[in-house]
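Have a look at the structure below, then the notes.
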Amino acid sequence: MRNLLEKKLFPYVIKPGRYSGGEPGQIVKDPVGRVKYLHTYPDKYEIGQSYVGLQSLYHIINGDDRFLCERAYALDRDAEEVMRRENIPLFSLESSRPARAFDAIGFTLAFDLVYTNMLAMLDLAGIPLFSKKRTDDDPIIMAGGPAVYNPEPMADFVDLFFIGDGEEGLPQILGILHEMKGASREEKLKELVRRVESVYVPAFYDADRKPLHDFVPAHVKARLVRDLKPEYYPAQPLLPLIDTTHSHLAVEIMRGCPQGCRFCQAGPMYRPIRLRSTADIAGQIETQLSHTGYDQISLMSLSSSDYPHIEELAALVARRVEKQRVSVTLPALRPGSISGRLFESLKRVRRGGLTIAPEAGTERLRLFIRKDFKDTAIYDTARLAFEKGWTTIKLYFMIGLPTETEKDLFGILDIIKNIHEIGREFPGRRTINVSLSPFVPKPHTPFQWDEMIGPDLVLEKIKFIKRNTRINQVNFKYTTTEATLLQGLLGRGGREMNNVILSAYNAGCRFDGWSESFDWEKWADAFKDNKVDIERLMKPIPFDRPLPWSHVQKGVSTEHLKAQRRQTSTQLREHTGRAEPNDVPMAANGNQLGFGRGKKKLASRNLTAPTKNRFRIRWGRTARYRYMSHLDNIRAIERALRRSMLPVSYSHGHNPTMKLSFGPPLPLGFTSEAEYADITLEENLMPIMVDKLKEAMPEGMDILDVKTVLGKTQSLTAALNRVVYHIALEHLPPLKRLQENIARIMEADSLEHERVGKNKTTVIDLRPAVYELAIDETHESLALTLGVGEGGYVRPSELLRYLVGDDYDIYLEQTLHRREMFRLDQGGNRIDAMDI
């Protein structure tokens, strides 16, 4: 299977690194005697690999010797097209095993707009879309995640829903499947319902969600993990080889939120609050940084600034990782919940993004949704951020909340303008990025019965705000209003949505959460074709009408939610911001954590002027890493340097970066033994440092040579002008024909070629940059000596068109190898890259 992927899929897709696997931290097990479980995330790799829950479950399951867990993600449109054309089934990243060969497949449904992606993955796997059509030869299809708190829109497609925290429940499910190897799928599902809390099997309920069997519970209670145990968080997380949406170390510090906002589904979903100790968090960070080398840590929770010991934790972590130039960030901040001392910790190395979430424009509306802080809290937080050196602030508002009036929209305008004026009190440019998100009524919240306003009205409100905020330093971003409407329709829908989703999938809908892929017309046709009235679904739901998710129990009762929805108040609780103590915070042992001294320490260390030293490395990469881009390679080297703890020199300023210089980039899909980088240290290079760096490099990215660089030299990219690539003769035309093609190329005066760029196509002459084509009998390969830098530039793929003619596609299925790079000076002297 892997050979098929290397030849027929990876060369023909835009980002093969999404599907090739091989990341540090991946786990590959022998399948014999084990339950084979495929954990999938039905969105692009860049999104799914950033999902913290996937990392935990992956390692928890693989930590049990009875199971193996591998991964798969949604295939982008280009990959899906190739796979259907070449009859390639959905496969796992770790072993390239076809998905249908697994015993169970689990889908993390993070939100409603991934449903068509899930159907595409099942279809590509060769698994019947409808649960009732599956046989004992098919895997059991499971689903979990935030969206399954209303499982009905996908009930026909899923064998088993698991609702709630999965750290304990998922291994329990797989353990029962291990016990029941050889049993029928129906027997397995019955046993799972009997023995596992929070399991919902739609086939065991009628259309009104009433049990069809005595052993089936009338209500499904969401699973709750009481304690966030250290073993839930892997010592060595999966480290992506390509860039992902959240390219940082995400660390959960607590689960649940104390605020109880009435619009928020995550609040009741993750309640009650469960805290992790600062010692556990700090220990996890230290261990995971040593295995990953990330340059940023995000202290994650629904409301991180409400973690009781957030100031002490942030200070402790920032102090420990400062030497590695690792920064600490928090997600969106609740106004009034962050102090100057906390800002000092967050800016210790570099200032990350800063998001303030007022949610609504007036104190009245914020009180109604239980975001009861005054405008002054928003302004105080913004002023403090500007005072501490932040130049960009993001504001998050919701549009279309229940009881919203024009006054609330003017309130948003006032907040934006007032924060802009506060920014003008400080020198330099201040930017405000405003995110406007349409309100969506969510199940299990007090607003689950409320009306959804139409996309045209939402857009009108957004345009009103933009039109009345004409300030150069204010930028707006908002989601597609029709996509938000769809999210609400699906989220509050019942089983009538199954056919709507199927129709949209058959019409070609994919990646509906991505604005460039979303097609509202196809979805509107799907609703119409299945006689599902959109206007009716948008209307308020009467309190006495059964809800499609009423059989799922989580948190407070429906009666309590009704009481919350009826509740109104005009009383504002007195806002009390965090105190601003004069003394520095204390660690658990009573020692001062040293707030505000990091910058002075850095200045002092630099002023002592240690002897700086620059050295050059030559490194290579095997086929495991051939689908990493040049930027991915740079990121991998930077992370290895952090893991090695070498005293790398950094630039100065608000965003310090490593002083590194790389040679010419390697084309995607190539292996190499001639990659170069210059690294500047704060100290003299010692042999033990080289050993540490070699140990820190990922397996298959090996350091082949190291040499000190003396004096100021020209950059490698500017100095090198020749590069040698090799391709195995077995992948090329017969020797006689190949030699004829070589002679024809070398004798030609010009080789015109159309080079296709992002914006235009240019006709170029390749011949001046082709210096030698020779048969290398030692390596049984063809050696191509081509120009680079001042020596001209030709892509090997462009030249191979002339070498293989009509068989050009053969090249795409093979691996080219960069053997060496050098400089040829005006006297004809050859200078190795390590000697420049």
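Assorted remarks:
- Counting only helices (runs of 4 or more DSSP H) wholly contained in the range 1-95, no element carries 3 or more residues that are buried (at least 20 other Cβ atoms within 10 Å of the Cβ) and among the small types (G, A, S).
- Residue match in the range 111-123 (condition: modelled with pLDDT of 95 or more, closer than 27 Å to R495 by Cβ and not in a helix (DSSP H, G or I)): no
- Test set (1) within 21 Å of I634 (Cα to Cα); (2) touching a helix residue (DSSP H, G or I) at 6+ places or on another chain (Cβ under 9 Å); (3) surrounded by 15 or more Cβ atoms within 10 Å (Cβ to Cβ) - D702 fails condition number: (3)
- Filtered residues of the range 130-161 (kept if closer than 23 Å to V52 by Cα and more than 26 Å from the chain's Cα centre (by Cα)): L160
- Positions within the range 633-652 being open to solvent by less than 10 Å² (accessible area, probe 1.4 Å) and within 26 Å of the chain's Cα centre (by Cα), in sequence order: N633, I637, A640, L641, S644
- Annotation: S515 fulfils all but one of (1) more than 28 Å from T403 (Cβ to Cβ); (2) hydroxyl-bearing (S, T, Y); (3) open to solvent by less than 50 Å² (accessible area, probe 1.4 Å); the unmet one is (3).
- One residue stands out in the range 96-110 among those that are assigned to a loop (DSSP other than H, G, I, E, B) and in contact with a Leu (Cβ under 9 Å, 6 or more places away or on another chain): the one that is surrounded by the fewest Cβ atoms within 10 Å (Cβ to Cβ), namely S96.
Each row is one residue, and each column tells you yes or no for (1) open to solvent by less than 10 Å² (accessible area, probe 1.4 Å); (2) closer than 11 Å to H551 by Cα; (3) among the acidic types (D, E); (4) part of a helix (DSSP H, G or I).
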residue: E186; (1), (2), (3), (4): no, no, yes, yes
residue: R194; (1), (2), (3), (4): no, no, no, yes
residue: A218; (1), (2), (3), (4): no, yes, no, no
residue: D227; (1), (2), (3), (4): no, no, yes, no
residue: E231; (1), (2), (3), (4): no, no, yes, yes
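- Residue within the range 518-537 that is in a helix (DSSP H, G or I), under 30 Å from R364 (Cβ atoms) and under 29 Å from the mean Cα position of the chain (by Cα) present: no
- Options I534, I541: the member that is open to solvent by less than 50 Å² (accessible area, probe 1.4 Å), in contact (Cβ under 8 Å) with a residue 60 or more places away in the chain and β-branched (V, I, T): I541
- Exactly one residue among R755, R767, R744 is among the basic types (K, R), open to solvent by less than 90 Å² (accessible area, probe 1.4 Å), farther than 26 Å from Q714 by Cβ and over 37 Å from the mean Cα position of the chain (by Cα), and that residue is R767.
- Leading residue by the ranking (nearest to C257 (Cα to Cα)) among those in the range 322-345 that are open to solvent by 10 Å² or more (accessible area, probe 1.4 Å) and not in a loop (DSSP other than H, G, I, E, B): T329
- Spans of strands (runs of 3 or more DSSP E) in the range 347-438 with at least 2 residues open to solvent by less than 40 Å² (accessible area, probe 1.4 Å), β-branched (V, I, T) and in contact with a helix residue (DSSP H, G or I) (Cβ under 8 Å, 6 or more places away or on another chain): 392-399, 431-438
- Residues in the range 352-387 that are touching a Cys at 6+ places or on another chain (Cβ under 8 Å) and acidic (D, E): E359 only.
Each row is one residue, and each column tells you yes or no for (1) closer than 23 Å to Q324 by Cβ; (2) modelled with pLDDT under 50.
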{"site": "G594", "(1), (2)": "yes, yes"}
{"site": "S604", "(1), (2)": "yes, yes"}
{"site": "N613", "(1), (2)": "yes, no"}
{"site": "R616", "(1), (2)": "yes, no"}
{"site": "A623", "(1), (2)": "no, no"}
{"site": "H630", "(1), (2)": "no, no"}
{"site": "R643", "(1), (2)": "yes, no"}
{"site": "L646", "(1), (2)": "yes, no"}
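- Only listed residue being of a type in the set (D, E, K, R), touching a residue at least 60 places away in the same chain (Cβ under 8 Å), within 28 Å of A623 (Cβ to Cβ) and surrounded by fewer than 19 Cβ atoms within 10 Å (Cβ to Cβ), chosen from E820, E777: E820
- A266 meets all of the listed conditions (1) modelled with pLDDT of 90 or more; (2) under 22 Å from the mean Cα position of the chain (by Cα); (3) open to solvent by less than 30 Å² (accessible area, probe 1.4 Å) but one, namely (1).
- Some residue of the range 522-531 being surrounded by 11 or more Cβ atoms within 10 Å (Cβ to Cβ), more than 30 Å from G700 (Cα to Cα) and modelled with pLDDT under 90: no
- Looking only at residues of the range 306-321 that are of a type in the set (D, E, K, R) and over 10 Å from S345 (Cα atoms), we find that the one that is most open to solvent (accessible area, probe 1.4 Å) is R320.
- Total residues in the range 462-497 satisfying the condition of being β-branched (V, I, T), under 24 Å from the mean Cα position of the chain (by Cα) and assigned to a helix (DSSP H, G or I): the figure is 2.
- Looking across the range 273-305, the residues that are farther than 22 Å from R642 by Cα, small (G, A, S) and either surrounded by 22 or more Cβ atoms within 10 Å (Cβ to Cβ) or touching a Gly at 6+ places or on another chain (Cβ under 6 Å) (or both) come down to S301, S303, S304, S305.
The values are calculated or read from the model by the stated rules, or taken from the named source; none is laboratory data. Predicted model, so just to flag it, every value in this text is computed and none were measured. Neighbour counts run over all protein chains shown; Cβ positions are idealised from the backbone, glycine included. These area figures cover heavy atoms from the full protein model, side chains too; ligands, DNA and RNA do not enter into them. Shrake-Rupley method; radii C 1.70, N 1.55, O 1.52, S 1.80 Å.
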